Every structure is written in C-alpha cells, then in structure tokens.
Amino acid sequence: MSRQRLNESIATRRLVLRPLQQADAGAIDTLCVHDFEVLRWMTSLPWPPEDGATADFIAAAADQDPVSGEAAFAVTLGGILIGLVSIRAPGDLAEHPDCPTLGYWIGRPFQGFGYAGEAAVAALDWAFAAHGCTAVAARAFADNAASRKVLARLGFRETGRTTRRSKALGREVENVVLRLERDERRQTEAAQ
C-alpha cells in the first residue's frame, strides 16, 4: 500500500481546515507554543518552548500518512491560522484502542466564538469517513472546563479517567477520557 499524505481542505460555514505548511510556524508559535495559557492544556509540548520544534512538527505532519498516523489540519479564518485540529490513528488512547482520537487548540484571541466546535465537527466527519470507524475518542485535562464543554456539545461521553505527563506543567495530570459513537454524532447533529 502506498503512503498517503494529507492534501485536502475542508470548508465549514466560517473556517477552512487545510494541511499544515511551513509558513504556519510563526502563527503556531505565537498562538500556542509561546502562549503558556494555551500550551498548559497539552501534554506533549514543553515549557519553555524548544527552538525549531514547530518547524519539525510541521515537517513530520506533512510526511505522515493521515490515516495510519495523524491528520493535522490548520484551522483558518479568512486565510489566517487561528488553531489546529487533528485526528490521530487508532491506538493513541489505551482506553479506546479501536478509535481515532480528536485533538484541538484555538489561539486565545479566537476563543469563545465557537471555532473549536466548528473545526471539531469537520474533523470528526473526516475521521468517520477516512477511518470507517464506529466511534472517535478524545481526552481533556480534568480541569479544562472549556474543552470538556466543547466535547460535551459534540456528544462525547466520559468513559473514564487516566493520567498523562504534561511536559509544560512538569507533572502527571488527570485526564478525562471520552468517546463519541457515530450514531450519537448523527443524533447530536440532527438536534442542532
């Protein structure tokens, strides 16, 4: 089987999700990597930031098969990067090894306008189609009320708790593990 690369864009009512480009590094650094109030909610990024890590992440994302690895989409508003949404291949969460995993962040100037949910809906639709799965999983820090609220609105249900090491915080952090069944996604969509 030949290796695929993410080459599609997804348009929503207000946003365009597209593959990451090296030109996105500056915006990602400003909105996430150098903003502790955004970075603190992620497990994989260290604080203080490491030089060149963003460019390395973008290069790795561009080289990954989006179905067997990670599909990382730049979330853009009027052509401006405002965040990122990704779908990791099944196996990222031990609690739901059969499910791809949703992840996202939105830069602070763009929070509170519903962009995270809008981008997540598009990524979920992509995940269900690309993976042919019956459910998608997610996790959020237990004290990240904003992210948990977004996931609840999308129809995710808590299935358990786990801990993960946060590089930024330098400690283990309690995470809520969630799952969204494909049929529940359709019901949530119909109700909106």
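The values are calculated or read from the model by the stated rules, or taken from the named source; none is laboratory data. These figures come from a predicted structure and were not determined experimentally. Surface areas here come from the heavy atoms of the whole protein model, side chains and all, with no ligands, DNA or RNA. Shrake-Rupley method; radii C 1.70, N 1.55, O 1.52, S 1.80 Å.
Laid out as a table, the results:
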item: Between the stretch 102-157 and the stretch 50-99, the alpha-carbon center distance in angstrom; result: 13
item: Segment ALA146-GLU95, length gained on full extension (0.36 nm per residue, minus Cα span); result: 16.1 nm
item: Surface share of carbon and sulfur [accessible, 1.4 angstrom probe, percent] for the chain; result: 50
item: Debye-sum result for the stretch 122-192 in log10 I(q)/I(0), which assumes one identical scatterer on each alpha carbon, at q = 0.15 Å⁻¹; result: -0.54
item: Surface accessible to a 1.4 Å probe, per residue, for the residues of the chain, Å²; result: 50
item: Share of alpha-carbon pairs per 10 Å distance bin for the chain, given as whole %; result: 9, 37, 41, 12, 0
